[in-house]
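Everything below concerns the one structure shown next.
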Amino acid sequence: MPNEQLIPLAPLLIALGIMLAIALAVERFMMILNWIIHRLTIIQTANEPDLEKDYSVKINEAINAKKEDDYLRLTKKDLPEKTFTYREIEPAPGAASSAESDFDIKPYHPPPKRHVLKEFWIQLFASLVAITGCYIAKFSIWQLVIYPHRWNQGMELDTAASHPWEYVLTGILIGAGTKPVYFLMNFLINRKVMLTREQAKEKTIIAQPPAEEKPEETLPKKSGKLPGPITIEEIIGFSYTGGDRPDRIENSHHRKQPVELIVYHHTAMHSDSPFEEVVKEFDKRGWMTGYHRVITKNGGINTLTRWDRIGSHAKGNNFRSLGVSLHGNFETTPGGPDANIDGRMGISFPTPAQLDAAAKIVVLWALLYGIRIDFKKSIVPHNALQSTACPGNNFPHDYFYNLVKEYASKWRQNLQFKKALTRFKTTPMVTI
């Protein structure tokens, strides 16, 4: 375009840098002002943490952890026999049971009116200070972008033609903090880079004729081997950091004997609910632990309980087992109160991705902790240990067993897997 006038990038970057620096200063000033107001009000004394209350909360948590720890160590002989139940996650001993619900929605509590008013006046004050400063310094970002004709041959701006509203808009932008300034900077720079690349591409296409395609045999071939997975997480496809709030059970739920049992479950929840809903279900029932692994319907592998601690998933057998649960409800027997009839709770069969991920985790645990691949004694469904519907009448046990056998046979002979497993044993919260 012959009449197009480009804005020099260097002055624009300098102006944007000045804006970012001023916005950062204003942001810090607002934080200090907010802190001063907070300290000078009587409200602050009421909002200060009550150390005695916090200490009592920690004591109660320790007492509850000890009670749960003792309960989870009970064997099947120590527990009373119960009738058949569809409920998968039962309340912890002494905990009040709350209503079951997927996608639990917390009620909205608006912030106190005084907090809203305080933030409003602080923000307004910061914007007024920024507008005043821009007007005195005759600084406006809009003249750099909207009015390129103001640039003269010496790459200087004609600030005499600036309008007061430009200082107002610039001041409001600066007074809002660093985020909007950074967004504007990123947008303007990227936009100019993209336009430059597109213009260069168009010129290249016009100047050069299309190149002839080379025959396939003349193309250079890649040499060398691609680097393979070097960790257990890369081989299986997961990450392990100890699960949900692992520090809560740092001083409790210790294992006093080796793991000799792997139990597989279904969560009996809606398969579309996120993993966080499973965590929330255990919290609502008073448990500090739960399944060790939860597999979502897309094959995602999530940690709920750290592996070196006792979970709460198989009553009377928690002290000697690990639990993996496939997210969803696979029980469709008519008459059951929680049966997934007509798919009202999502998928009624575990997906291939779920079964594949669960099989990998089961084999990993078996090889990691020396558990036998035995589908009658050491790798069992939940209903083989308790009178429950879990993992549902639609669970394909034989298909699952075949997957476990295939991965066990494959990885036992794989030198790379053995080396990765040896390294993985040193991961925190893994070794029992």
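The values are calculated or read from the model by the stated rules, or taken from the named source; none is laboratory data. The structure displayed is predicted, hence computed values, not measured ones. Here Cβ is always computed from backbone atoms with ideal geometry, including for glycine, and neighbour counts include all displayed protein chains.
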Query raised in the report: For PHE395, all conditions in the list (1) closer than 24 Å to THR427 by Cα; (2) buried (at least 20 other Cβ atoms within 10 Å of the Cβ) hold save one; what is the number of the exception?
Result: (1)
Query raised in the report: Out of curiosity, is ALA353 within 17 Å of VAL278 (Cα to Cα) and assigned by TED's automatic domain parsing to the domain that holds ILE236?
Result: no
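For (1) free of Cβ contacts under 8 Å to residues at least 40 places away in the same chain; (2) out of contact with any Phe, Trp or Tyr (no Cβ under 7 Å at 6 or more places or on another chain); (3) of a type in the set (D, E, K, R), each residue gets a yes or a no:
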| residue | (1), (2), (3) |
| --- | --- |
| SER252 | no, yes, no |
| VAL263 | no, yes, no |
| THR267 | no, yes, no |
| LYS284 | no, yes, yes |
| MET288 | no, yes, no |
| THR305 | no, no, no |
| PHE319 | no, yes, no |
Report summary line: For helices (runs of 4 or more DSSP H) lying entirely in the stretch 1-78, having 3 or more residues that are at pLDDT 70 or above picks out 9-40, 51-72
Query raised in the report: Looking at (1) in a loop (DSSP other than H, G, I, E, B); (2) in contact with a Phe, Trp or Tyr (Cβ under 6 Å, 6 or more places away or on another chain); (3) hydrophobic (A, V, I, L, M, F, W, C), can you tell me which one VAL324 breaks?
Result: (1)
Query - Matching residues, the stretch 330-350, being at pLDDT 95 or above and over 14 Å from THR267 (Cβ atoms) - result: PHE349
Report task. Please work out if ALA92 is touching a Gly at 6+ places or on another chain (Cβ under 8 Å) and modelled with pLDDT under 65. Result -> no
Query - Top-ranked residue in the stretch 164-189 [being crowded, with 16+ Cβ neighbours inside 10 Å and at pLDDT below 70; ranked as farthest from LEU128 (Cα to Cα)] - result: LEU188
Query raised in the report: Which condition breaks for ALA366 when tested against (1) buried (at least 21 other Cβ atoms within 10 Å of the Cβ); (2) free of Cβ contacts under 8 Å to residues at least 24 places away in the same chain; (3) of a type outside the set (Phe, Trp, Tyr)?
Result: (2)
Report task. Considering every residue within the stretch 408-427, establish whether at least one is surrounded by fewer than 17 Cβ atoms within 10 Å (Cβ to Cβ) and on the phi > 0 side of the Ramachandran plot. Result -> no
Requested in this report: Tell me, please, whether a residue that is farther than 20 Å from THR85 by Cβ and assigned to a helix (DSSP H, G or I) can be found in the stretch 334-346.
Outcome: yes
